[in-house]
Every structure is written in structure tokens, then in C-alpha cells.
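For reference, the structure discussed in these notes is given below.
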Amino acid sequence: MRHAANIAVLAFAVFCGTAIAAEAPAERVPHFADYPVKAASVRVARPIVPKNWDEDPRLRLLDSVPRGSRTNFAGPHYMAVWGCGTACVVGAIVDARTGRIIPLPTVSGWKEVHDDFQGIAFRNDSRLVVMSGERNEKGYMGQHFYLFENGRLTFLKTVENDGNFVTPER
């Protein structure tokens, strides 16, 4: 009898633990508003392209930053993004004052997307970058969150998914 009572208590505890876990809120994802920076409108210097870059990415970067461009990312920076195939984008962050660039990985492989979908999402008044897809055609499919700070990107987290991005970033 005592054994049956122990099993009943254990079953009840497992049931309650499962019910509590099922109701636990999803982990919060980073939002653009979490990483504010004063928006700027500064004329962008010509990007300094590394000598080891092939001609195609070099020309695509230069074409993505037309003369007279003004900052569009994290205050005094310019986010250049260009296509690299079907469901694929790549980019670079350009320091508006110096022209120095920080290359970004490719993101690709998305399936269903919302109307305003961007493979690399960013804002002028935020230091957050959201890359949606599979980075460099390997690893996890999902949204990859990075913080741009002190001239470099720091990985924050990945939220895995099946390649469908039907809800806009916030």
C-alpha cells in the first residue's frame, strides 16, 4: 500500500511539474528598443574594401553605398545589404566617418516571410541587428540577434525556427 501511495504522489508531482512547465512564458527575445542609440544623419565615407575580397562582393558593397548616402544604422553607421542568390543576403557595416567596414555573414534559406521581411533587419536608432535564416549556409535556422557596440558585433542569442518568418521583428 505504501508503495502505491508513493507512486501516486510521484505521478501527481510529475503531472503538476509538466503543467507548470507548459504554462511557463517563452523566453523574451531582444527588441530594437532594448538597445537605443541616438539616430544620426551623417554623410557616409566611401567604404574601404579589404584587398583580399573578390571583385563581385567588392563591387556589390560599393554599389550598395551610393555617393551621398547618409547613415541608416546605429547612429553614425551605414548598413549595406545586398542579395547573394535566391533567399540569401549578405552585408557590411560601414563607419560613416572612416569608411572602415565590418563584414556580416550571409543569411539564407528562409521559406514563408511577412511582407516587410529583411534577412538582415536593423534601425538607425538601435544597436541591435537581427539576421534571419541560416548563417553562412550552416548551423541553426532561426533569428540570430547581435549587438553592435564599440565597432564590433557581439552575439546575443539565436531563436531557432523552421525557416518561416511570418511575424515582423520589433
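Odds and ends about this structure:
- Candidates T154, T106, filtered to the one that is touching a Leu at 6+ places or on another chain (Cβ under 9 Å) and closer than 23 Å to P47 by Cβ: T154
- Long-range neighbours under 7 Å by Cβ, at least six apart or interchain, first residue at negative phi within the stretch 29-55, second surrounded by fewer than 15 Cβ atoms within 10 Å (Cβ to Cβ) and assigned to a strand (DSSP E or B): S41/R70; V42/R70; R43/R70; V44/R70
- Each residue in the stretch 125-170 was checked for being buried (at least 19 other Cβ atoms within 10 Å of the Cβ) and in a loop (DSSP other than H, G, I, E, B), and 2 of them qualify.
- Candidates in the stretch 73-94 are the residues that are open to solvent by 40 Å² or more (accessible area, probe 1.4 Å) and in contact (Cβ under 8 Å) with a residue 12 or more places away in the chain; of these, the one that is nearest to F117 (Cα to Cα) is V81.
- The single residue among A80, A96 that is within 27 Å of G163 (Cα to Cα), under 22 Å from the mean Cα position of the chain (by Cα) and modelled with pLDDT of 95 or more turns out to be A80.
- Of everything listed in (1) out of contact with any Pro (no Cβ under 9 Å at 6 or more places or on another chain); (2) within 18 Å of H77 (Cβ to Cβ), the single unmet condition for K111 is (2).
- Only one entry in K157, K138 is among the charged types (D, E, K, R), out of contact with any Ser or Thr (no Cβ under 7 Å at 6 or more places or on another chain) and modelled with pLDDT of 95 or more, namely K157.
- Residue match in the stretch 55-69 (condition: exposed (fewer than 15 other Cβ atoms within 10 Å of the Cβ), modelled with pLDDT of 90 or more, polar (S, T, N, Q) and in contact with a strand residue (DSSP E or B) (Cβ under 9 Å, 6 or more places away or on another chain)): no
- Some residue of the stretch 66-75 being of a type in the set (S, T, Y) and in contact with an Asp or Glu (Cβ under 7 Å, 6 or more places away or on another chain): no
The values are calculated or read from the model by the stated rules, or taken from the named source; none is laboratory data. What you see is a predicted model; the values in this text were computed from it and never measured. Note that each Cβ is placed from the backbone with ideal geometry, even for glycine, and that neighbours are counted across all protein chains shown. Please note that ligands, DNA and RNA were not included when accessible areas were found on the heavy atoms of the full protein model with its side chains. Shrake-Rupley method; radii C 1.70, N 1.55, O 1.52, S 1.80 Å.
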